[in-house]
Each structure stands twice: as C-alpha cells, then as structure tokens.
Amino acid sequence: MMTRESLLNWAMIAALLIVPLAAWSLDEPFIITLATKAAILALAGVGLNIALGLGGLISLGHAAFFGIGGYAMGILAAHAQNYEPLFNWPFLFEGSNQMPLIWLVAVVLSALAALVIGALSLRTSGVYFIMITLAFGQMLYYFAISWSAYGGEDGLSIWVRNEFPGLNTLDPIQFFAIAYVILCLALFFAARLAASPFGLALAAARQNEDRVEAVGLTPFKLRLAAFVISGAITGLAGALFADLNRFVSPTMLSWHTSGEIMIFVILGGVGRLYGPVAGAALYILLEHLLGGISDYWQIFLGVLLLLIVLFARGGLIGAIAGREKAHG
Amino acid sequence: MAEVVLRTENLCKSFGALKASSDVSLDLRAGEIHALIGPNGAGKSTLIKQIAGNFRPDSGRVELLGRDVTALDTVARARMGLGRTFQISALAMEYTVLQNAVLGALGGQGRVFRFFRNVMKDPALLAVARDALERVGLADAADRRTADLSHGQRRQLEVAVALTLKPKLFLMDEPMAGLGADGSHRLTGFLDGLRQEAPILLVEHDMDAVFALADRISVLVYGQIIATGTAAEIRANAEVRRAYLGEEDAA
Amino acid sequence: MTYILVLEQILNGLQLGVMLFLMAAGLTLVFGVMGLINLAHGSLYMVGAFAAAAVAGWTGSFLLALIASLAAAAAAGALMELVVIRRLYRRDHLDQVLATFALILIFSEGTRWLFGSFPLFLDVPAYLSGPVSLPGGIEYPLYRLTIILIGLAIAAGLFLLIAKTRIGIQIRAGEADREMIAALGVDISKLYTLVFALGAALAGLAGALVGAIQSVQVGMGEPVLILAFVVIVIGGIGSIKGALAGALLVGLTDTLGGVFLPQLFALFMEPASAASAGASLASMLIYILMAAILLVRPSGLYGGSA
C-alpha cells in the first residue's frame, strides 16, 4: 500500500523531471537551470540528512564538504584548461575535464576531510559538536580566501563545462539529466542505508546511546562512518554545483552555505528521506519568486523558517503528508 | 564450587567527599542469581556502572570470565557477554518492539557495517529477535511502537534485548520496578529459569522477588557490603536488620 | 623584529581578546543558564554597531553612541528573547540552531533594508585618537588601549556581578538547578530575559567599539560570532573564566600568528611563497589550537562534563 508520504515523494520526483522537460520543449533554458540547481542542492541535502536526520548529528560545517567538492572541480579543470600539470610525481597528472574523474576526486577528498573533521568533532556532543563543525568549516573558508594560487577571495572560473562521455554537457537538459540521475541514485542509496543494519544501529544511537553500547556497538564508529558518507555525498553535490556555475569561490565554504543546506533539509521535513528534495525545490522557488519581488527576500525566508521551526516541525512533507513514522 | 563469572575486588569510587563504593568485593557464579540490595543512595547504581564499564573505579578491579576488564569500556564488556538491563528503560523509542530486538541481535552478531541489505528482512537476526520476544511474552506486541508500550512492557523488552545477545551473564538493574504484582510475579518465574542459561546479578527493590529468587544476597549500605549470604542468613543478620530492613519497616 | 613590535602585537592581541570576551561572555552565560545556543548573537553585535554609527551621525557624540549601542542591543536582545528565544528553551539544539539562523537572516536583511549595503563609518573621537606613549618607549593608539581597559573593566565587573550580587547568585543557581531557583521564588522568565539582554548589551558594545576601528556593515557580526564559538569551545561552555582565558588565547594566537608566521616562514622560504603560506597557516591557527585543546580536554579548559 502506498502511504501519502510515499505518494508525495513520487510526485515530487516526477515533478522535478516533468518541469524541466516541459521547459525544454518550450525552449526555456533558464527554468531547466533552476531545476538543475534544485536537484544539485537537494543532493547536498540528501548528504547532510544522513548525518542529521538519521544520525542526529547537527553539523553546521557541511559547507566544508560542499566547497571541497567545488574546489576539486575547479582545480582539476583549471589545470586541464591551462595545460599546467597538477603534479609531476609519482606520475604526470595534468588535471581533468572529465566529470567522472572529477566526481571521484571530489568524493574521495570530501570523505577524507569528513573523516578528519568527524574524528575530532565526534569526541564531543551537543552544542560543542555544532560549534566545532562550524569552526572547522570556517577554517577551510579562511584557508580558501588566503590560498591565492587558486583565486583566493575572488574564486576560480573555468571557461567550459566539464565533459561527460557521450553527452553534451553544455546543453542544459543533458546536464540536468546528469544531476537528476545522480540525485535519484543518492536517494536510492539513502533509502537502502536507512533500512540497512548500519542504518538501524545509527538511528538507534541517536535515540538512545546507552542501548547501542549495551548491545556491544560503538556509537562513535557508527557516527563517524555516517559523517564520512554524508560528507562524501555533499562533496559530490559541490562538484556538480561548481560545474553548473562554472565557478567556485570561498562562498561555497562559508557557514551561510552550511546553514542553507540545513534549511533544505528542514524546509522539507527533518529525517524524511525526500525532505531535501522538497526543501531545495521550495528554496529555489522562493528565491526565484520572492527574489523577483524584493531584494530583501531572505527576510521572508527567515520568517518562514522561524514559523516552521516554532510551529510546524514536520516541514513541508509533514504539513502535507501528516505525522508519520520518520524512520525505519 | 561453581565457576566464578564475575568478580569485583576492592572497588573504591568517590565523588568528592562522598564514598560511593568502598572496598566492594563480590562475585557471581555460574547458575546462580546473586541479588544486590540496599537502601536508596547506598551506591548500587555506582557499583553497577563500574561493573558495566561506565565508571572507572578509583581503585580495585573488575574481572569478567576470568579476565581483568577494569580498563575496558561498556562496549567491550558487552561484547564479552555482559547482558544489561537498565533501571530506566534505555530503548530506541521511535522503533517498533521488533526493531529494538533486532538491534540487540545485530549487536550480538556484530556485523553492523553493512549498508545495503534490509536488516528487517534478515532471517537470522529476525529469528533471534522473535525468539527473545516470544520468551518474555512480547511476541504479540512486535509491531508496536516502543514509545507506545506500557511501562511494564518496556521492562520486558529490556530483558528481551538482553536475551538477544545470548550473554554469559546478566546485569539487571531493577527489572521489576513499576511492574505491578502480576507482572512482577511472571518475571520472577522467568528469571528463575533463566539462571540456568546465564547467572544474574540482580539489583532489586522488590523484596518478595529477591527472597524468592536469590541464591545469595549482598547488602550494600553507604557504599559498603555489610553482609553476603543466603536469604535465610540475610534475614537473620542483625546488622542488616538494623541498617536496612528495620529502616524499611519503619518507613 | 624588535621587542617593541612584539609588545605592540601583544597589545593588539589583547584588544582582540577582550572584544571576543564581550561576545563570548553573553553566549556562554546564555548557554550556561538557559541551555541555549544562539547563532544570532552576532546580529546583536551588528545592531550595537549600527545604533552607535547612527547616533554618532546625529549627535556627534561618541559617548552617546556607545550608550546607544548598549541600549539598542539590550532592547533588541530583550525583544528577541520575549518573541522567539523563550519558545526555544525546551526545544532541542537543532531547533535552536535553525530558529536563531532564521533570526540572522531577518536581522541582516532588515538592517540592509534600513541602512543599505554600503558600510557606515564610526569615527574615533578626537580625545581618543592619536598615539599614547607607554613605558618602554612604545607608541600605541590611545583608542585601542581604551578598548583593552574597557574590556578588562567589564570583565572584572562581570566577575563581581556573578560572585557577589543577588542576580549573580540567581544566575549561578539557575546554572545548577532550574527547579531550585524557581522554588526560591525567583521569577525565572524575568531572570532569563535579563541575562539575555545583558549578554546582548555586551555584544552590542563590542560591536560599537570595534566598529570605530573597522567599518560598520551588515554581516560584520558573523566572523566574530564564530571566533567567539572557538573561544567558548576552548574555554569550556558556561564558564565566564573559561571565556576570558579562551578569548585572550584566541586573540593573541590569531594576532601574533598573522604577523609572525609569514616572517617565520621567510627564514627558510622565498619571500613570496612565505607570505602566502604563512598567511594561509595563520588563518587556520586558532582552529588548529582548538583541535589540539579538544584532543586533550574535550570539554574545554574550564568545562565540566558537557
């Protein structure tokens, strides 16, 4: 039987496909780009949601992984376009403009960063964890600003979008297809993860740490693994986002970005698998609609977020689908 | 004499000026139920936490299955076969009853870093979980949300999760608390049979249960064990009557 | 590299440190007493700076500007507490993070709407500008020295307030046990509003004082907020003493690292790459310090078990 929530999930995923297809047939590339942006931001949210929704880890530093993914794209592509080798040893590597390789590098680097940041931050909990993830994110932000070799504060532009074998990535609808397929794969993976032995233990550690220890499992290891997976997915989203804009800058690493990724998760409904999809789509919609009315549209976003937090914990999906078992 | 499964030697633990454990030595042998009783504030919880691995003693040692585990944490001790139930139910409240039991079975099996298979369709884990629920009489409640259970049912589930670990010994902190006469009677019967499977260190306030079940009883007062013996010996012990039972009668 | 330069930089580090203390004190009090993490504390810093810049613009008086910064930030803080924050005490940290992040958006965009995107300037008054000679032959800006003294005086006052006064006793009691303090007949919601407004006023004052050195602009509170978080993590949440120690440590590390690391690197690298590598490392120094302290003491220098 299909619950209201899963019906809504399918509807959202379908809408995210149909809108850009319709825009394509009407020759409205801007709308396709908006949909691509929504899909990529949703992907970043899906990553955060594994730590936040499933693991209960309130990370305010996920911009670090988003930005690392972005810089992985920027640096590889910049070296490739300028024909300057990235390194000569142990083998010659000239950078790359091939998306699959860029994604791999983005995922590996952001996973490594998440491993280090997580190993340090997860020694603490509660407010400390929030502040420390925030601080480490900010550390990378300042590092990027001072790193003049790759543009420093001004960021790094690339001239041509990177390539994917067999596709023309400069065609908005084809690039959208890439982002959309990756988002669907990530959602599928997140769903499997939530139902897996690991997911069961991770979400149990969020609910009752003593219980998990008493059955002989170590919450720290579970959380660290979740943090790494979460960071890797958000890093992949960062690489795609930078490719979408053909630009990466320290802004991707700033804590506002961390806050925004968290907003995608919350607007949709925390702990809900498809929450980030709803949240990111709503965010893009608001940015586009309200941004057209007022330059100060983020006031409205702030008020909306405040109202949701104070009065509607379930977020958008919660409001439509009602209170439902969020896990398991 | 039966094999000693758990032994504490001269455990001392202070919080500032308060001596919560002073020179506590006790053991738990195969096949027995050893009850630990004492008035509120006697240091039972502190002792339990040192045995389970939450607290490190200031001095003294804890031995599990003949091995010194004083330096090991709760997780390592659980893996060695220490099955614990908590005074205040420690369960994943959003989960169903079955999910909590499967969590226990998963812990017992130890292969948690699997990311794709559906854990609730794993026949081996489900068998262990359902068996444990069956034994404590919660089979019918398997699909209910744990948060919706009655207090007594949560106590039963605590025991069931401990069972899924197939432990070498049980450490039970007030399993009867809040059960009511009927439930407490049923659990007493169950624990009676369980001791053959693995010995039980039982902290309990329900004196009827304690005197009905325990092979041996230790009395903890102000952090010290003032007496250890059979139910009859404890009943007859003048110091215990003065320090503890008398106090209860007066209350 | 002369010792005068070193002393000067130490004073700069102290100046940053005491400003961070004014921020961190409010944050850590609010966390210690109410158990609340407030991301919008940086907005109160910004409110103080804008209020000071506006009043200085109208009246030309720096003293009035400082009073305005205290009053405006305290009022904004009290309003924030009454309308939003008090609904969050019983909520989990995620709700607190989100709601106070929402407040940042509202405050920042609201300020941009009122004052525009261009930075305002708050001038150091004539009687505080210019250098002053210190013993040892150091010429140091009088204004910065004044900031250090104001900061230290407030720190001393805060310690007295908490150690000696009735309010302080209530604050300490509130940290220990909320129910007890309610049983003592203290109006707890009034106390909370008061503590929050006090923390806000300190942040606002810091914003005004720093605003006269830097520019007054939207978003100015956020870098300071994050530094204040680092301070609190290092010092231990809830501890005023820890906030002071952490603030001075962070202030000195950041300032001295920024100046001396590039010089240190220049000893064994080419000047250009030494400057950039030194600057990069300096920008991360306080976070490395934080990580190191975390490894040794996960709950900070003066933290209990948090």
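Per-residue answers, yes or no, for (1) over 14 Å from the mean Cα position of the chain (by Cα); (2) surrounded by fewer than 19 Cβ atoms within 10 Å (Cβ to Cβ); (3) under 28 Å from A:Thr133 (Cα atoms); (4) free of Cβ contacts under 8 Å to residues at least 24 places away in the same chain:
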{"residue": "C:Gly13", "(1), (2), (3), (4)": "no, no, yes, no"}
{"residue": "C:Leu16", "(1), (2), (3), (4)": "no, no, yes, no"}
{"residue": "C:Leu22", "(1), (2), (3), (4)": "no, no, yes, no"}
{"residue": "C:Val33", "(1), (2), (3), (4)": "yes, no, yes, no"}
{"residue": "C:Tyr45", "(1), (2), (3), (4)": "no, no, yes, no"}
{"residue": "C:Phe50", "(1), (2), (3), (4)": "yes, no, no, no"}
{"residue": "C:Ala74", "(1), (2), (3), (4)": "yes, no, no, no"}
{"residue": "C:Arg87", "(1), (2), (3), (4)": "yes, yes, yes, yes"}
{"residue": "C:Phe107", "(1), (2), (3), (4)": "yes, no, yes, no"}
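Would you say B:Phe116 is without any contact (Cβ under 8 Å) to a residue 60 or more places away in the chain and surrounded by fewer than 18 Cβ atoms within 10 Å (Cβ to Cβ)? If you could, list the steps in order and put the result at the bottom.
Details: without any contact (Cβ under 8 Å) to a residue 60 or more places away in the chain: yes; surrounded by fewer than 18 Cβ atoms within 10 Å (Cβ to Cβ): yes.
The answer is yes for B:Phe116.
Is it true that B:Ala71 is out of contact with any helix residue (DSSP H, G or I) (no Cβ under 7 Å at 6 or more places or on another chain), under 30 Å from B:Leu18 (Cβ atoms) and either part of a helix (DSSP H, G or I) or outside the structural domain of B:Gly183 (by TED's automatic domain parsing) (or both)? Can you show your working first?
Details: out of contact with any helix residue (DSSP H, G or I) (no Cβ under 7 Å at 6 or more places or on another chain): yes; under 30 Å from B:Leu18 (Cβ atoms): yes; either part of a helix (DSSP H, G or I) or outside the structural domain of B:Gly183 (by TED's automatic domain parsing) (or both): no.
No, not satisfied.
Here are some residues: C:Ala197, C:Ala208, C:Ala228. Which one is outside any loop (DSSP other than H, G, I, E, B), closer than 30 Å to C:Leu88 by Cβ, touching a residue at least 40 places away in the same chain (Cβ under 8 Å) and in contact with a strand residue (DSSP E or B) (Cβ under 9 Å, 6 or more places away or on another chain)? Even if it seems obvious, please write down each step before you answer.
On the way: C:Ala197 fails: in contact with a strand residue (DSSP E or B) (Cβ under 9 Å, 6 or more places away or on another chain); C:Ala228 fails: in contact with a strand residue (DSSP E or B) (Cβ under 9 Å, 6 or more places away or on another chain).
Testing whether each residue is outside any loop (DSSP other than H, G, I, E, B), closer than 30 Å to C:Leu88 by Cβ, touching a residue at least 40 places away in the same chain (Cβ under 8 Å) and in contact with a strand residue (DSSP E or B) (Cβ under 9 Å, 6 or more places away or on another chain) leaves just C:Ala208.
Take segment B:110-142 and flag every residue that is of a type in the set (D, E, K, R) and more than 13 Å from every other protein chain (Cβ to nearest Cβ). Walk me through how you get there before you give the answer.
We begin by selecting, within segment B:110-142, every residue of a type in the set (D, E, K, R); these are B:111, B:114, B:117, B:121-122, B:130-131, B:134-135, B:140.
Result: B:Arg130, B:Asp131, B:Glu134, B:Arg135, B:Asp140.
Exactly one condition in (1) surrounded by fewer than 24 Cβ atoms within 10 Å (Cβ to Cβ); (2) in contact with a Gly (Cβ under 8 Å, 6 or more places away or on another chain) is not met by B:Ser89; state its number.
Of the numbered conditions (1) surrounded by fewer than 24 Cβ atoms within 10 Å (Cβ to Cβ); (2) in contact with a Gly (Cβ under 8 Å, 6 or more places away or on another chain), the odd one out for B:Ser89 is (2).
When only residues in segment B:86-109 that are closer than 25 Å to A:Gly271 by Cα and part of a loop (DSSP other than H, G, I, E, B) count, which is farthest from the other protein chains (Cβ to nearest Cβ)?
Among them, the one singled out is B:Ser89.
Hand me the list of strands (runs of 3 or more DSSP E) wholly inside segment B:134-242 holding 1 or more residues that are under 14 Å from the mean Cα position of the chain (by Cα) and not assigned by TED's automatic domain parsing to the domain that holds B:Ala105.
Values: elements: B:169-173, B:200-203, B:216-221, B:224-229.
Once the strands (runs of 3 or more DSSP E) in segment B:134-242 are filtered for at least 1 residues that are under 14 Å from the mean Cα position of the chain (by Cα) and not assigned by TED's automatic domain parsing to the domain that holds B:Ala105, what remains is B:169-173, B:200-203.
Every residue, every condition in (1) at pLDDT below 90; (2) aromatic (Phe, Trp, Tyr); (3) closer than 20 Å to B:Gly107 by Cα, yes or no:
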| residue | (1), (2), (3) |
| --- | --- |
| B:Leu169 | no, no, yes |
| B:Arg186 | yes, no, no |
| B:Glu197 | no, no, yes |
| B:Val203 | no, no, no |
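If only one of A:Ile284, A:Ile317, A:Ile308 is part of a helix (DSSP H, G or I), under 28 Å from A:Phe198 (Cα atoms) and either within 14 Å of chain C (Cβ to nearest Cβ) or among the β-branched types (Val, Ile, Thr) (or both), which one is it?
Criteria check complete, one pass: A:Ile317.
Just a yes or no: is a residue in segment A:103-114 within 14 Å of chain C (Cβ to nearest Cβ), assigned to a helix (DSSP H, G or I) and surrounded by fewer than 24 Cβ atoms within 10 Å (Cβ to Cβ)?
Start the filter on segment A:103-114 by keeping residues that are within 14 Å of chain C (Cβ to nearest Cβ), which leaves A:113.
Subsequent filtering for residues that are assigned to a helix (DSSP H, G or I) retains A:113.
Checking the rest, the ones that are also surrounded by fewer than 24 Cβ atoms within 10 Å (Cβ to Cβ) come to A:113.
Within segment A:103-114, one or more residues are within 14 Å of chain C (Cβ to nearest Cβ), assigned to a helix (DSSP H, G or I) and surrounded by fewer than 24 Cβ atoms within 10 Å (Cβ to Cβ).
Hey, which of the helices (runs of 4 or more DSSP H) in segment A:137-218, taking only ones fully inside, have at least 3 residues that are touching a strand residue (DSSP E or B) at 6+ places or on another chain (Cβ under 9 Å) and more than 7 Å from every other protein chain (Cβ to nearest Cβ)? Show your work before the answer.
On the way: elements: A:172-195, A:197-207, A:209-214.
Of the helices (runs of 4 or more DSSP H) lying wholly inside segment A:137-218, those with at least 3 residues that are touching a strand residue (DSSP E or B) at 6+ places or on another chain (Cβ under 9 Å) and more than 7 Å from every other protein chain (Cβ to nearest Cβ) span A:172-195.
Considering only segment C:116-149, how many residues are aliphatic (A, V, I, L, M) and out of contact with any Leu (no Cβ under 7 Å at 6 or more places or on another chain)?
So in segment C:116-149, the residues aliphatic (A, V, I, L, M) come out as C:120, C:122, C:124, C:126, C:128, C:132, C:134, C:138, C:142, C:145, C:147-149.
When the remaining residues are screened for being out of contact with any Leu (no Cβ under 7 Å at 6 or more places or on another chain), the result is C:120, C:122, C:124, C:126, C:134, C:145, C:149.
Residues flagged as aliphatic (A, V, I, L, M) and out of contact with any Leu (no Cβ under 7 Å at 6 or more places or on another chain) within segment C:116-149 amount to 7.
So which of C:Ile286, C:Ile237 ends up being outside any helix (DSSP H, G or I), buried (at least 22 other Cβ atoms within 10 Å of the Cβ), touching a residue at least 12 places away in the same chain (Cβ under 8 Å) and within 19 Å of the chain's Cα centre (by Cα)?
On the way: C:Ile286 fails: outside any helix (DSSP H, G or I).
Result of the check over C:Ile286, C:Ile237: C:Ile237.
Here is a list: A:Phe264, A:Phe227. Which entry is touching a residue at least 24 places away in the same chain (Cβ under 8 Å), among the aromatic types (Phe, Trp, Tyr) and within 14 Å of A:Phe65 (Cβ to Cβ)? Walk me through it before giving the result.
Values: A:Phe264 fails: within 14 Å of A:Phe65 (Cβ to Cβ).
That would be A:Phe227, the only listed residue that is touching a residue at least 24 places away in the same chain (Cβ under 8 Å), among the aromatic types (Phe, Trp, Tyr) and within 14 Å of A:Phe65 (Cβ to Cβ).
Sort out which residues of segment C:211-224 are part of a helix (DSSP H, G or I) and either over 14 Å from C:Leu16 (Cβ atoms) or of a type in the set (Ser, Thr, Tyr) (or both), and write them in order of number. Break it down into steps so the answer makes sense when it comes.
Going through segment C:211-224, the residues part of a helix (DSSP H, G or I) turn out to be C:211, C:221-224.
Selection gives C:Gly211, C:Gly221, C:Glu222.
Would you please name the residue that is nearest to the chain's Cα centre (by Cα), looking only at residues in segment B:51-82 that are at the interface with another protein chain (Cβ under 8 Å from one of its Cβ atoms) and touching a residue at least 40 places away in the same chain (Cβ under 8 Å)?
Across segment B:51-82, the extreme among qualifying residues is B:Ala52.
Among the candidates A:Ala179, A:Ala191, A:Ala195, single out the residue that is touching a Gly at 6+ places or on another chain (Cβ under 8 Å) and touching a residue at least 12 places away in the same chain (Cβ under 8 Å). Walk me through how you get there before you give the answer.
On the way: A:Ala179 fails: touching a Gly at 6+ places or on another chain (Cβ under 8 Å); A:Ala191 fails: touching a Gly at 6+ places or on another chain (Cβ under 8 Å).
Of the residues listed, the single one that is touching a Gly at 6+ places or on another chain (Cβ under 8 Å) and touching a residue at least 12 places away in the same chain (Cβ under 8 Å) is A:Ala195.
The values are calculated or read from the model by the stated rules, or taken from the named source; none is laboratory data. Remember, predicted model here, so these are calculated numbers, not experimental data. Virtual Cβ from ideal backbone geometry, glycine too; neighbours counted across all protein chains shown.
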